[in-house]
Every structure is written in structure tokens, then in C-alpha cells.
Amino acid sequence: MTGRCAAVLSCSLALLLVGAFGCGSDDSAPGQHGDAGLGAAGAAGEPAVDPHAGHTPDAHAKLPAAPPMLAVEPWQGELAIPSFDDEDDDAATVEVSLTAALADVEYVPGQSTTVWAYNGTVPGPVLRARVGDRIVVHFTNMLPEATTIHWHGVRVPEAMDGTSAVQSAVRPGASFDYAFTALDAGTFWYHPHVRSDVQVEQGLYGAIVIEDASEPLAELPSEVLVLSDVLVDPETYALDATTDERVTMMGREGNLVLVNGRRSGIESSVRAGEPRRFRIINAASARFFGLMAPGATMLRLGGDRGLLEAPEPLDRLLLVNGERADVVVWVNAPSTTASLRAVPYERALGAGMTEEVALVYLAATDESALPTFEPPATLTKMAPAPAASGTPRTLELDEQTVGDEVRFLINGAANPDIPTLEATLGASETWKIVNRSSMDHPFHLHGFFFLPAGQREWKDTINIPGQRTVTVMPHFDARDGAAGSWMYHCHILGHAEGGMMAEVDVQ
Ligand code: C2O
Ligand code: CU
């Protein structure tokens, strides 16, 4: 009973804080949008652009309502995702087989949903390796359409990046071998780069964990939490691919939030104070995850590119599409239930303001609390940032409605008509990303990391809040195979496929 009361109490606490978290679109106080943490890093201090430039808010006023969320009760489930079988005896090589095909899964226990899956599960198996390992993936496409695999955040050679810029898509029945060396420790993920708005939503995504035994906290085991959502028919649980104006404009948000391919709300038992380390990936097509852990203490250890310089205490964390976070969470008191929750965050006019969802419940036993977890004060030392050279570039993100069609634009054009940028191998640049639209766009660069202005954390995906400018410094490191064509795009997959995707040619 005590546990239950605590859970109820924590929920109302979270609700109180929601006001501070989701910010209204006409709320123009500088910094406010950026308060949500990681996702909006770099926004604070940047001058906001003219909030009325080039945009007609009225176009959004008529959008159909978001689908109501399916009710979720806490349930006892399995959090773990299967790993691959390593087919190679060599300790420094991870060699695996990956097949994309139709499968039936149970997003909701007892209810079957037909999906597209990697090796039969959603998410696909976790690809685990150590820094320096050679990774070989024998990929076979058994889907009814062509596909590729992109290794999001992994510094692969250009030919292995899985985009239309570097390979022709793998046809149904065909195979392709991906091979690369793991250069960075951290949490990454894999997903198709062909019709990604459809293919990822069908179930094609999986986690990548690269470990480095010499890092601090290497002995603290981690659990992967792949967050996503799907729109299912509430009666049959079949995937619902209906497209309306809201979907076209905002990307598809589902009515069922998934944690590791299962209905959210999985409960597990812990001892108070026991640190649980989660590597969290936002693999959703369009849903942002505003994360809070009422009843627990949360520390962020890492982001897109492995460990931070120092652990960061957190009340809330915004994880936009494609972004990752490595966090430690522990329940504060015995006999209480804490939860990791997704709270509303308004990413566009009204979008994202759906109900709060409990992702994972952590129910503390009545045993006394363990001593407070103390991570080392320094997790990693960042090398001095390379100085940016050349004239800063400006990338303007916008949208345009022509008749029934919405196009998402970079510098006034939509893919494939956006001129390719040219950059120099080994150089760092300054990219000013100006969001002229009223909706947030999570910006992702392939193959390289960037430093948000004034920050000391390398990232590959960052939120560009509506009507705001975020400046980032990409570093085009001259590693083997880095020369060539790399994509950058909005990671709301409907926006990328709707035009907001382009290439940078690095030579
Ligand atoms: Cu995660 Cu181009 O993508
Ligand atoms: Cu976008």
C-alpha cells in the first residue's frame, strides 16, 4: 500500500512540473525553450529570429486532433532485448547476420501485430562491441521493398553509411555486407535510410552499444531503453498507416508508447538507492520524449558520443528523435515506487501535448536504502575543441504548403534540390541553423560530431526549437574512409522524407 501511495504522489508532482516543461509556442522568453535540457542545448543565448517571419500559424489551427493514447497499467514484463550471436571466434571481430523481414510481434501481451523486423524482433538485436572491434554485419533484405541500414552516430567509412548518397538500396531478396571499426564508446542505433518514415515505423530499428573497459563506470552494467511509439488500431492492434494533415505536418505520433518494443509501464523491483544505468534512445518517428523520474534521482552520464566530462544532475531531460542519453536512476526511499516518465513537451503548435506516459516503474523493496551512488567527478577529458575555420554557414529550416502538399525546406529548397555543401576533410566549421518555422526540428549530421556553441559535449543530433537559432561546429575528422558524401536532415522522419534532407561533400 505504501508503494502505491508514493506512486500517486509522484505523479502529481510530475504534473505540477509539466507547466515548466512544455512551453507555449508564443512564449518568446529567450532561454525558456532551452530549459528542457540536452535537446535544446545551444539555444540559450542565441538571438531569436523574427517570430512572424515566413510562416502562417493559421495553417496549423485546423489540424485534426492527435489520437488518444491507449490506457497503460503497470505490468511485469521483460525489459531486456536479445543480443546478436557473434559468428566469429576472433575476440576483436563481431560478425553477425541481420535479416529484415515481416514478423508478428506482441507490442501488447496477447495481441499480435504484423511488423517489419530485424531478426524477428522489435527492436532488432542489440549490437554490442568494444572500442577497436571490427564489426561485420551480413545483411539480407526479405522485405517487399528495397532498404539500407544506417548506423546512426557511428563514425563509419562513407561507403558503409547506408544512404542513397553512397549505395544503391538493397533489393528484396538481396544481401549487402556492412563492415566498419568501432571508434567511439557510447550508445548509437541502426535503422533504414530508405522511406525511413515508413520503414522505421514498421519496426526497423535497433540499439548499438560500444563499450570501453578503461572508462570510469565501465563496471556499472547498463540496460538499453529504446523508446518509440506506434499508431495501432485499438481493437485489432494492427499498425494504422492512415495519413491525415496532422501526420503530414507533424510526423506520425502513435497512440502506444513502446519501451524496447513492449507496451510502456514495465515494472521492475529494485532496492532503494540501487543505481540503474539506462542507455536511452529516441527511435520514434516524430514523438519527443520529455523525461522525468519522480520519486527517483537521475544523473546524466553521457549523450550522443559517450560519456560527458562530468555527471550532470537532472530533473528532466528532453530526448529528441535520434538522440541518446546515458543516465543513472535510483529510487530515493524504500517501499516506494518511482517511475521514468515521458511528460508533454510542445514541439509545435499543440503537437507533443499528449498525456504523460510512465515508461518504466521502479518499485523499491522495503530493504533499507543503499548508500548514495557517487559517480567519479570526472568521467572523461575532452580534447581542446578544434578551431572553426572559414565563413560560418547559415542553414534555414522552413516549411511551405503548396495546395495539399507540405514541403520541408533547407535554404528554400527541398531534397533533392538542395545544393550539396562542400567541406574540407580535417576542418571544423560553424553552422548557424535558423529555424524559421514554428515547429521544432531535430537536426542530425551523419558521420561526424559537432559541438553546440558554448558547450563541451559532442553531438550528432540536436533540437532546433521553433523560431530559434542554434549554432553548431561540426568537425570533419580526417579518418580513413571519411571522404565523400554525408547526409544531414531533420530526424522527424516525415520531415526528412518531405524534403528536409541534404548532403555535405567532404573532401
Ligand atoms: Cu538516424 Cu539519417 O539518420
Ligand atoms: Cu523537422
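Tabulated values for the structure
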{"read-out": "Enumeration of residues in segment 404-426 that are among the β-branched types (Val, Ile, Thr), within 16 Å of ligand 2 (Cβ to nearest atom) and either in contact with a Pro (Cβ under 6 Å, 6 or more places away or on another chain) or under 16 Å from THR394 (Cα atoms) (or both)", "value": "ILE410, ILE418"}
{"read-out": "Single match in ALA310, ALA383, ALA342 (criterion: touching a strand residue (DSSP E or B) at 6+ places or on another chain (Cβ under 6 Å) and more than 16 Å from ligand 2 (Cβ to nearest atom))", "value": "ALA342"}
{"read-out": "Checking HIS60 against (1) at pLDDT below 95; (2) more than 30 Å from ALA238 (Cα to Cα), the condition it does not meet", "value": "(2)"}
{"read-out": "Index of the failed condition, GLU457 passing every other in (1) within 16 Å of ligand 1 (Cβ to nearest atom); (2) within 25 Å of ILE281 (Cβ to Cβ)", "value": "(1)"}
{"read-out": "Cβ-Cβ under 7 Å pairs, at least 6 apart or on other chains, segment 278-294 side under 17 Å from ALA338 (Cβ atoms), far side part of a loop (DSSP other than H, G, I, E, B) and among the basic types (Lys, Arg)", "value": "none"}
{"read-out": "Residues satisfying the stated conditions in segment 478-495, i.e. touching a Leu at 6+ places or on another chain (Cβ under 8 Å) and more than 16 Å from ligand 2 (Cβ to nearest atom)", "value": "ALA478, ARG479, ALA482, ALA483, TRP486"}
{"read-out": "Within segment 117-156, considering residues that are outside any strand (DSSP E or B) and within 16 Å of ligand 1 (Cβ to nearest atom), the one nearest to ASP85 (Cα to Cα)", "value": "PRO123"}
{"read-out": "Answer from THR378, THR354 - the residue that is under 26 Å from LEU217 (Cα atoms) and of a type in the set (S, T, N, Q)", "value": "THR378"}
{"read-out": "Contacts under 7 angstrom Cβ, first residue in segment 411-432 being over 16 Å from ASP505 (Cα atoms), partner assigned to a loop (DSSP other than H, G, I, E, B), 6 or more apart", "value": "ASN411/ILE418; ALA414/GLY499; LYS432/PRO392"}
{"read-out": "Filter result for the condition that a residue is away from ligand 2 (no atom under 16 Å from the Cβ) and buried (at least 22 other Cβ atoms within 10 Å of the Cβ), over GLU503, GLU429", "value": "GLU503"}
{"read-out": "Residue match in segment 438-447 (condition: at pLDDT below 95, farther than 26 Å from ILE280 by Cα and either within 15 Å of ligand 2 (Cβ to nearest atom) or of a type outside the set (Lys, Arg) (or both))", "value": "yes"}
{"read-out": "Residue match in segment 141-151 (condition: of a type in the set (S, T, N, Q) and in contact with a Gly (Cβ under 8 Å, 6 or more places away or on another chain))", "value": "yes"}
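Okay, residues lined up against (1) on the phi > 0 side of the Ramachandran plot; (2) touching an Asp or Glu at 6+ places or on another chain (Cβ under 7 Å); (3) surrounded by fewer than 21 Cβ atoms within 10 Å (Cβ to Cβ):
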| position | (1), (2), (3) |
| --- | --- |
| ASN321 | no, no, no |
| VAL327 | no, no, no |
| TRP330 | no, yes, no |
| PRO334 | no, yes, yes |
| ALA338 | no, no, no |
| PRO344 | no, yes, yes |
| ARG347 | no, yes, no |
| MET353 | no, yes, yes |
| GLU356 | no, no, yes |
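The values are calculated or read from the model by the stated rules, or taken from the named source; none is laboratory data. Please read these numbers as outputs of a predicted model, since none were measured by experiment. Quick reminder, even Gly has a Cβ in these numbers, built from the backbone with ideal geometry, and neighbours come from all protein chains shown.
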